[in-house]
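Colleague: So that we are looking at the same thing, I have put the structure below in structure tokens.
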Amino acid sequence: MHQMTLAEIARGLADKKFSSEELTKVLLARITQLDPQLNSFISLTEALAIEQAKAADARRANGESGALLGAPIAHKDLFCTQGIRTSCGSKMLDNFKAPYDATVVAKLAAAGAVTLGKTNMDEFAMGSANESSWYGAVKNPWNLEHVPGGSSGGSAAAVAARLLPAATATDTGGSIRQPAAFTNLTGLKPTYGRVSRWGMIAYASSLDQGGPLARTAEDCAILLQGMAGFDQNDSTSIDEPVPDYSASLGDSLQGLRIGVPKEYFSAGLDPRIAELIQNSIKELQKLGAVIKEISLPNMQHAIPAYYVIAPAEASSNLSRFDGVRFGHRCEHPKDLIDLYKRSRGEGFGAEVQRRIMVGAYALSAGYYDAYYLKAQKIRRLVKNDFMAAFNEVDIILGPTTPNPAWKLGAKNSDPVAAYLEDVYTITANLAGLPGLSMPAGFVDGLPVGVQLLAPYFQEGRLLNVAHQYQLNTDWHTRTPTGF
């Protein structure tokens, strides 16, 4: 049962081959047995899962149907879940139980999805390796000595190891797409504003976006259908109709114009990954796509711009965690200043402290114009490059990451080296565009992803291309040994 995709589970439940309760119990047992190797979960919610599964079975018995009705999933541990610990991977929120459900959690629960637990993540979503979590590093099921990517590494590792069919995740600079590439999954970052951020603990408010992680594009379409939509509680949510993402999966790719930026194939890209990307291009050409070389000239400035904007927003968002209202509080503070200093010093890990300090510096009176304002101007240039490119092509294709997953601890002493791994993913966040990573092969036994980018609100087009590619390749069907 654990090998089934979301789509197969939906068909099995509809055909009464098994119940949601039976499936949920199988997966909970599997998590208990195998997750100690991976550390992909922070909290398991067995009682809630069984209760939701029984309710889903009752709804089906009463004639209801739906692709997510009775389907087991997990939530990245920055989506607030009422009465359940929502830690953000941090000691700061280890004792925090959310008093309400995030919109994404509420929407999926209403659709009948079963919550198995909350998945591990880089602390406050800051990281590319899932090593900054206060609950310990997550391991990559393809090689337990390697990272699964971050910050959604817990969701990615759990789905890749077949502990569950799909999970929610978030993407601030590639945190859905990069773990998807590292663990042989399909991961989609929707257009900024497509999925509500209400109840999603913020890292960088103008960049964060929730999305699905699953094994196939078909499954991502199902999960995104349940997540997407306007939310009046979220001022950044966009009131745009949500199409039926599954309906367009079968569309032909004949005549589809695919742009390949020449800047993607620079010296920083592993040549073995470049070869796999070229192979995926040939596969799409066989399906009728037309390839065109394009240019994104300001891509080289994206990383420095991102690592000014994101920490600046983080320093503002994380100021609320001060030891007063909720979260970690130091013991026996001498005065209010001591309470602030020690609560934050004890509650936040090294990477979070580093980004808060960088962000506070960039926003300080003497440096705002020199750093933050300039970074925002570069952001506009990056967006303009994409707008010009999409006048010529329908989607943009390239590598998701410049290298395969690295060994645990390999980049801990050099955070900039880890930042550079985001070179292909952060531009979509700066511009607010939808992006998808899908499996494209292996290097030294480690998965590699190919990234697709599309114009605003064209998630259906990305899912269509990925689905057609997956009908003609089998990379996404490979399973890590031992799982």
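The values are calculated or read from the model by the stated rules, or taken from the named source; none is laboratory data. None of the values given here were measured: they were computed from a predicted structure. A quick note on method: Cβ atoms are made from the backbone with ideal geometry, for glycine too, and the neighbour counts reach across all protein chains shown. When the accessible area is computed, the model is the full protein with side chains, heavy atoms only, and any ligands, DNA or RNA have been set aside. Shrake-Rupley method; radii C 1.70, N 1.55, O 1.52, S 1.80 Å.
Colleague: Search the stretch 180-195 for residues being within 25 Å of Ser315 (Cβ to Cβ) and buried (at least 24 other Cβ atoms within 10 Å of the Cβ), and hand back the single one that is farthest from the chain's Cα centre (by Cα).
Modeller: Among residues in the stretch 180-195 that are within 25 Å of Ser315 (Cβ to Cβ) and buried (at least 24 other Cβ atoms within 10 Å of the Cβ), the one farthest from the chain's Cα centre (by Cα) is Val195.
Colleague: Among the numbered criteria (1) in contact (Cβ under 8 Å) with a residue 24 or more places away in the chain; (2) open to solvent by less than 70 Å² (accessible area, probe 1.4 Å), which one does Asn233 miss?
Modeller: Only one criterion is unmet by Asn233, namely (2).
Colleague: Just for the stretch 91-135: of the residues that are assigned to a helix (DSSP H, G or I) and over 17 Å from the mean Cα position of the chain (by Cα), which one is surrounded by the most Cβ atoms within 10 Å (Cβ to Cβ)? Lay out the reasoning, then the answer.
Modeller: So the first thing to find is which residues in the stretch 91-135 are assigned to a helix (DSSP H, G or I), and the list is 91-93, 103-110, 123-125.
Pick out the ones that are also over 17 Å from the mean Cα position of the chain (by Cα) and you get 91-93, 106-107, 109-110.
Values: Lys91: 18, Met92: 27, Leu93: 24, Ala106: 19, Lys107: 20, Ala109: 19, Ala110: 12.
Only one residue tops the list, namely Met92.
Colleague: Within the stretch 155-165, is there a residue that is closer than 26 Å to Phe321 by Cβ and either modelled with pLDDT under 95 or surrounded by fewer than 24 Cβ atoms within 10 Å (Cβ to Cβ) (or both)?
Modeller: no
Colleague: Continuing with this model, one more query. Take the residues of the stretch 71-105 that are without any contact (Cβ under 8 Å) to a residue 40 or more places away in the chain and in contact with a Ser or Thr (Cβ under 9 Å, 6 or more places away or on another chain): which is nearest to Ser19 (Cα to Cα)? Give the steps one after another, and end with the answer.
Modeller: Taking the stretch 71-105 as the starting set, the residues that turn out to be without any contact (Cβ under 8 Å) to a residue 40 or more places away in the chain are 81-83, 97, 99.
With in contact with a Ser or Thr (Cβ under 9 Å, 6 or more places away or on another chain) added as a condition, the list becomes 81, 97.
Values: Thr81: 25, Lys97: 30 Å.
Per the criteria, the residue is Thr81.
Colleague: Quick test for you: out of Asn403, Asn429, pick the one residue that is farther than 22 Å from Arg194 by Cα and either touching a residue at least 12 places away in the same chain (Cβ under 8 Å) or among the acidic types (Asp, Glu) (or both).
Modeller: On the way: Asn429 fails: farther than 22 Å from Arg194 by Cα.
The conditions single out Asn403.
Colleague: Against the conditions (1) farther than 27 Å from Val195 by Cα; (2) more than 22 Å from the chain's Cα centre (by Cα), where does Ile277 fall short? Just the number, please.
Modeller: If we test Ile277 against (1) farther than 27 Å from Val195 by Cα; (2) more than 22 Å from the chain's Cα centre (by Cα), just (2) comes out false.
Yes/no matrix, rows are residues, columns are (1) open to solvent by 40 Å² or more (accessible area, probe 1.4 Å); (2) closer than 25 Å to Leu397 by Cβ; (3) assigned to a loop (DSSP other than H, G, I, E, B); (4) not basic (Lys, Arg):
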| position | (1), (2), (3), (4) |
| --- | --- |
| Ser206 | no, no, yes, yes |
| Ile238 | yes, no, yes, yes |
| Asp244 | yes, yes, yes, yes |
| Glu263 | yes, yes, no, yes |
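Colleague: Restricting the first residue to the stretch 165-178 and requiring it to be acidic (Asp, Glu), which pairs with a second residue that is assigned to a strand (DSSP E or B) and open to solvent by less than 10 Å² (accessible area, probe 1.4 Å) meet a Cβ separation below 9 Å and a spacing of at least six or different chains?
Modeller: Correct list of pairs: Asp171/Gly187; Asp171/Leu188; Asp171/Lys189; Asp171/Gln209; Asp171/Gly210; Asp171/Gly211; Asp171/Gly435.
Colleague: Let me ask something else. Is at least one residue of the stretch 423-437 touching a Pro at 6+ places or on another chain (Cβ under 6 Å), modelled with pLDDT of 95 or more and either over 30 Å from His328 (Cβ atoms) or open to solvent by 20 Å² or more (accessible area, probe 1.4 Å) (or both)?
Modeller: yes
Colleague: Output the residues belonging to the stretch 350-393 that are touching a residue at least 24 places away in the same chain (Cβ under 8 Å) and acidic (Asp, Glu).
Modeller: Listed by number, the residues that qualify are Glu351, Asp385, Glu392.
Colleague: Okay, next question. Quick check, is Ala362 surrounded by 13 or more Cβ atoms within 10 Å (Cβ to Cβ), modelled with pLDDT under 95 and of a type in the set (Gly, Ala, Ser)?
Modeller: Yes; evaluated as a whole, the condition is true for this residue.
Colleague: Let me ask something else. Return the total of residues in the stretch 312-323 being free of Cβ contacts under 8 Å to residues at least 60 places away in the same chain and under 18 Å from Ala98 (Cβ atoms).
Modeller: Of the residues in that region, 1 qualify.
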